[in-house]
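Read the figures in this text as sums done on the coordinates, not as results from a lab. Everything quoted here is computed from the prediction, not taken from an experiment. Because the Cβ atoms are built from the backbone with ideal geometry, glycine has one as well, and the counts that use them run over all protein chains shown.
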2 protein chains.
Amino acid sequence: MNDKPHIVIVGAGAIGAFYGAVLKRAGCRVSVVLRSDYDAVAEHGFTVNSPLGDLSYKPDGVYRKGGNNADTNDVAADYVICCVKVLPDTDRAALITPWVSAGTRIVLIENGIDIEPPVAEAFPDNPLISCLAFIAVNRTEVPGVIEHVAYGRLALGVWPEGVTEDCRALAQWFEQEGIDVKLAESVVRERWIKSVWNTPFNPLSVLAGGADMASMLDAPGGEALARALMAEVTAVAAAHGYPLPDDIIDRNIASTRKMPGYRNSMALDYLAGRPMEIEAILGNVVAIAGRLSIPVPRLETIRVALAMRHE
Amino acid sequence: MNDKPHIVIVGAGAIGAFYGAVLKRAGCRVSVVLRSDYDAVAEHGFTVNSPLGDLSYKPDGVYRKGGNNADTNDVAADYVICCVKVLPDTDRAALITPWVSAGTRIVLIENGIDIEPPVAEAFPDNPLISCLAFIAVNRTEVPGVIEHVAYGRLALGVWPEGVTEDCRALAQWFEQEGIDVKLAESVVRERWIKSVWNTPFNPLSVLAGGADMASMLDAPGGEALARALMAEVTAVAAAHGYPLPDDIIDRNIASTRKMPGYRNSMALDYLAGRPMEIEAILGNVVAIAGRLSIPVPRLETIRVALAMRHE
């Protein structure tokens with residue numbers, strides 16, 4: 001790797017724009033590929049309001065997502081970071097293809113379980129690093145202006161397992177700018193840990209009409225259902241080879257109690273009419289459960305009820 | 001009973017107004033108690049458009065539901081027919097109290113499971129007849145105008161079991177005007193049979209955003225979930241002492257396939273913003289399952305998700 005690595009962020013929404021800003025401040029060359037706000041970002045760059053200080057930046061290259069990127073042939077990316085929403089009708093491999101050459105490390109900062117295979121299969125010879133972001137960051141109504149509210153921690157590792165020098169390099173750039181990074185020998189295990197919370201609460205919030213956490217936990221039977229759903233997730237995780245700590249459900253309930261008015265990301269997507277990562281977060285868990293013959297009647301009920309909604 | 005029995009319909013919405021019309025044409029004196037449309041009905045009576053012919057009528061008495069019914073002391077009812085929605089905050093016993101004296105038969109034409117006890121406990125010495133209506137009938141936008149679309153069959157019997165002369169008299173009036181009546185030795189069993197369809201599909205349609213039957217059955221996993229929910233209902237029914245026929249689920253699925261664009265009553269209530277009989281149709285089934293230790297994880301998931309919505 002040369003001194004100033006070139007990083008291409010594909011899908012520079014709030015999360016992509018934010019982590020791009022961090023890498024830019026760390027000294028990387030950062031190009032972005034985006035659909036919304038292209039004109040504003042091409043002209044003015046990103047304004048990033050953050051407790052981490054000034055993170056506003058003008059990307060080294062600004063490209064249209066899904067556009068004709070013929071001018072990119074001479075842009076060799078050291079890292080392509082894919083921050084695109086994981087949706088059934090989005091071909092993420094196709095979206096990153098223009099930026100991937102031999103040696104390009106592919107990095108996913110995305111939600112969900114078992115989301116790596118379509119990308120891994122399309123690029124079997126490129127290193128694949130999988131990341132989870134724990135962050136509150138939003139786009140504002142002003143194009144190109146990002147509001148970093150809090151947090152920002154990343155968990156990352158090679159998929160399906162291992163930590164390489166590529167991971168350490170990435171971690172170092174993030175850490176020098178104030179982002180906590182957990183280098184994970186098993187990033188799949190990290191995904192299961194996050195799934196214990198996300199898989200029940202994100203889809204439930206949609207069935208509950210965009211409800212906040214207190215509305216869910218305090219409804220009659222709410223906490224009991226949340227615990228039962230989490231137990232289904234941990235049973236699938238264990239059968240999948242990732243037994244989780246015994247107290248993980250208690251800890252998740254306790255931490256959720258501390259955020260009563262909080263609406264999770266899928267609730268916000270639902271209320272805003274945006275596409276939701278239901279398959280990545282819930283459908284893939286149910287699919288793994290089916291392959292491993294683990295009964296998940298509650299998760300399945302929620303999955304099908306949501307499918308009935310969207311057919 | 002005298003030649004011209006006096007029947008008071010408490011809650012003369014579409015169903016109450018319709019069955020009142022039938023009894024009126026059969027020669028009964030029919031009074032109605034209602035909230036909506038009081039003025040129009042007091043002045044003009046009910047207009048009932050029906051394939052059964054002219055059923056429009058002017059009730060013998062028109063009273064305000066929940067109003068000061070001091071003038072009713074001299075109105076002895078032979079039958080009080082309660083057609084009020086079964087909602088947790090509706091005290092049906094209180095609503096019928098002004099019309100009940102010694103010897104008054106109390107009749108419920110209402111949906112749900114285990115909806116009789118609050119009324120039975122309030123009037124332990126009055127006969128209690130429980131009915132299920134299989135009918136498509138709607139109020140129109142014009143006050144006092146009812147549209148009878150199709151069907152009309154009743155299943156009725158003394159609660160919790162038995163068929164008496166009171167039941168036969170009621171059945172005879174309905175039948176002479178073209179309404180099929182099934183006299184049921186076990187009306188609770190009839191309620192369980194109807195519950196096999198209602199308990200899954202009514203609440204699911206709400207979670208699915210007011211979806212029609214085809215949207216539910218044709219969603220990925222939709223028919224399988226419907227069958228699993230029905231199996232939970234039949235398991236509770238069997239444990240409750242009412243084993244149902246082996247083919248009841250197949251028959252329900254087959255008949256549902258014949259009504260693809262149909263929206264059930266709870267879906268219509270949901271879309272219109274009206275209160276929904278979730279406890280009567282779903283909550284009471286889950287409660288019985290709990291008492292009998294029958295696992296109903298899918299029904300419970302739906303019940304709690306709906307509660308999260310309405311808290």
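Going by alpha carbons, how many degrees (0 to 90, nearest 10) lie between the helix axis of A:248-257 and the longest principal axis of chain A? The angle comes out at about 80 degrees. Taking amide hydrogens as placed 1.01 Å from N in the peptide plane, the amide H of B:Ala77 sits under 5 Å from those of B:Ser101, each at least 5 positions away in sequence or on another chain. Here A:Ala122 and B:Arg251 are evaluated by their C-beta separation; at R0 = 60 Å the FRET efficiency comes out at 0.80. Size check on the stretch B:6-185: the Cα extents along the three principal axes, sorted descending, read 38, 36, 30 Å. B:Ala224 to B:Lys4: FRET efficiency via 1/(1 + (r/R0)^6), r the Cβ-Cβ distance, R0 51 Å, to the nearest 0.05? Approximately 0.40, to the nearest 0.05.
For B:Glu121, the point set 7 Å out from Cα toward Cβ sits 5.9 nm from its twins in the other copies, listed from shortest up. Dividing the alpha-carbon radius of gyration of the stretch B:186-240 by the rule-of-thumb value 2.2 N^0.38 Å gives 1.19.
Shortest first, B:Ala102 label-point distances to identical copies amount to 10.4 nm, with the label point at 7 Å from Cα along Cα→Cβ. If I build a Gaussian network model for chain B, linking alpha-carbon pairs within less than 10 angstrom, which residue out of B:Gly45, B:Gly27, B:Gly144 has the largest mean-square fluctuation? In this elastic network of chain B, the residue with the biggest mean-square fluctuation among B:Gly45, B:Gly27, B:Gly144 is B:Gly27. Helix B:14-25 and the longest principal axis of the C-alpha atoms of chain B enclose an angle of approximately 40°. For chain A, the longest principal axis of the C-alpha atoms and the axis of helix A:165-176 are separated by about 90°.
Each residue, A:His44 and A:Gln176, gets one label point 7 Å from its Cα in the Cβ direction; the gap between the two is 3.0 nm. With contacts taken as Cα pairs under 8 Å at a separation of at least 6 residues, the stretch A:189-309 carries a relative contact order of 38 percent. Relative contact order for the stretch A:1-145: what is it in percent, counting Cα pairs under 8 Å that are at least 6 residues apart? Dividing the mean separation by the residue count of the stretch A:1-145 yields 26 percent. Here the Karplus relation 6.51 cos²θ - 1.76 cosθ + 1.60, evaluated at θ = phi - 60°, turns the backbone of the stretch A:294-309 into coupling constants of 9, x, 9, x, 6, 4, 5, 4, 5, 4, 5, 4, 5, 5, 4, 5 Hz, with x for every Gly and Pro.
Considering only C-alpha atoms, what is the centroid distance from the stretch A:273-306 to the stretch A:1-57, in Å? Here the two parts' Cα centres lie 33 Å apart. Dividing the C-alpha radius of gyration of chain B by 2.2 N^0.38 Å, with N its residue count, gives 0.99.
Ranking A:Tyr270, A:Met259, A:Ile288 by Cα position along the charge dipole of the stretch A:226-311, where only Lys, Arg, Asp and Glu carry charges on their C-beta atoms, puts A:Met259 farthest toward the positive end. Amide H contacts under 5 Å for A:Val145: A:Thr47, A:Thr140, restricted to partners 5 or more places along the chain or on a different chain, H placed in the peptide plane at 1.01 Å from N.
In nanometres and ascending order, the distances from the A:Ile253 label point to those of the other copies are 3.6 (point 7 Å from Cα along Cα→Cβ).
Spin-label pair A:Arg291-A:Glu147: with each label point 7 Å from Cα along the Cα-Cβ axis, the two points sit 4.0 nm from one another. With semi-axes defined as the square roots of five times the eigenvalues of the C-alpha gyration tensor, the equivalent ellipsoid of the protein assembly as shown measures 61, 24, 20 Å, largest first.
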